[in-house]
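Trainee: What follows is a structure written as structure tokens; I'll ask about it next.
The values are calculated or read from the model by the stated rules, or taken from the named source; none is laboratory data. Everything quoted here is computed from the prediction, not taken from an experiment. Cβ placement follows ideal geometry from the backbone for every residue including glycine, while neighbour counts extend to all protein chains displayed. Please note that ligands, DNA and RNA were not included when accessible areas were found on the heavy atoms of the full protein model with its side chains. Shrake-Rupley method; radii C 1.70, N 1.55, O 1.52, S 1.80 Å.
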Amino acid sequence: MNEAIFRISAAIILFTCIGISGYFRRKADKDSGEKISRKVDGSVMMNVIKVGGLILWLSPLIYLLNPHWMAWSKIGLPEWVRWLGIGVGIVCAGLVYWLFSSIGSGISPTSATRRQHTLVTSGPYRWVRHPLYTVGSTIFIAFGMMADSWFIAALGMLAFIGMTIRTPKEEANLIEKFGDEYREYMKRTGRYFPKIRSS
């Protein structure tokens with residue numbers, strides 16, 4: 001019975017996040033009138049994202065269809081850890097809405113910025129420059145906790161590492177576009193987590 005609760009909870013959280021992301025990404029393309037090519041990140045990174053993304057999204061779906069197909073990655077987590085995963089996932093779903101609604105049409109599927117992009121420094125972007133990478137990876141780690149799967153949790157960690165590799169290029173593009181305004185923004189914000197200010 002509990003496995004069904006974890007599967008239902010995981011499905012609701014995952015598809016809520018996918019729905020929010022899909023809605024705001026389509027809206028950004030429509031509002032900006034611009035469709036950004038994925039080729040700007042280069043063929044190697046593009047292929048890594050394609051293959052990695054396929055594995056990243058298929059694994060949770062396989063668990064949702066039939067948990068026995070992912071039994072090889074079972075850890076044997078205590079139930080409280082799996083319930084904690086549900087709690088973290090719910091928080092992440094709220095954060096996904098907050099960050100997408102804050103960045104609006106500035107969201108991009110690549111490291112490139114949109115032509116009409118303005119620098120967003122409100123919402124979670126007031127403290128963190130790339131909250132989507134942190135929250136997105138955390139969702140998959142939380143899903144791994146809910147599914148009791150080390151493999152899904154590890155994919156979340158690998159996705160985060162992959163995004164850290166792409167971030168310097170993205171920030172170079174933002175510096176090129178916004179200049180000193182972005183450099184000042186970098187000084188007062190953390191890249192993936194809020195800066196801890198010393199008193």
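Trainee: I need the per residue convex hull volume for the chain, using only the alpha carbons, in cubic angstrom as a whole number.
Mentor: Working: hull volume 25.2 nm³, N = 199.
Hull volume normalised by residue count: 126 Å³.
Trainee: Right, another one. Where only protein heavy atoms count, and the probe is 1.4 Å, what is the accessible area per residue for the chain in Å²? Provide the component values of the computation, followed by the final result.
Mentor: Working: 11020 Å² over 199 residues.
On a per-residue basis, 55 Å².
Trainee: If the viscosity is 1.002 mPa s and the temperature 20 °C, what Stokes-Einstein diffusion coefficient in µm²/s follows for region 85-195 when Rh is the Kirkwood radius over Cα pairs? All intermediate terms of the calculation are to be shown ahead of the outcome.
Mentor: Details: Rh = 14.7 Å.
Roughly 146 µm²/s, to the nearest whole number.
Trainee: Then there is this: Could you tell me which residue out of Thr16, Gly179, Ile107 lies farthest along the dipole of the chain toward its positive end? Charges go on the beta carbon: Lys and Arg +1, Asp and Glu -1, centred on the Cα centre.
Mentor: Farthest along the dipole direction, towards plus: Gly179.
Trainee: With 32 Å as the limit, write out which pairs from Lys74/Lys187; Lys27/Lys177; Lys30/Lys169; Lys30/Lys74; Lys30/Lys195 have Cα-Cα distances beyond it, or answer none. Could the numbers behind the result be given before it?
Mentor: Numbers: Lys74/Lys187 42 Å; Lys27/Lys177 22 Å; Lys30/Lys169 25 Å; Lys30/Lys74 42 Å; Lys30/Lys195 34 Å.
Over 32 Å Cα-Cα: Lys74/Lys187; Lys30/Lys74; Lys30/Lys195.
Trainee: Could you work out [θ]222 nm for the chain from helices alone, using -39500 (n - 2.57) per DSSP H run of at least four and dividing by all its residues? Round to the nearest 500 deg cm²/dmol.
Mentor: Details: 6 runs with 134 residues, N = 199.
Only helices count here, giving -23500 deg cm²/dmol.
Trainee: Sorting check: for 66-78, 14-26, which peptide has the highest mean count of neighbouring beta carbons within 10 Å, and how do the rest follow?
Mentor: Working: 66-78: 12.8, 14-26: 15.8.
Highest to lowest by the protection proxy: 14-26, 66-78.
Trainee: On to the next question. Considering only protein heavy atoms and a 1.4 Å probe, what is the carbon-and-sulfur percentage of the accessible area of region 117-199?
Mentor: Working: 2620 of 4210 Å².
Using a 1.4 Å probe with all protein chains present, region 117-199 comes out at 62 percent carbon and sulfur.
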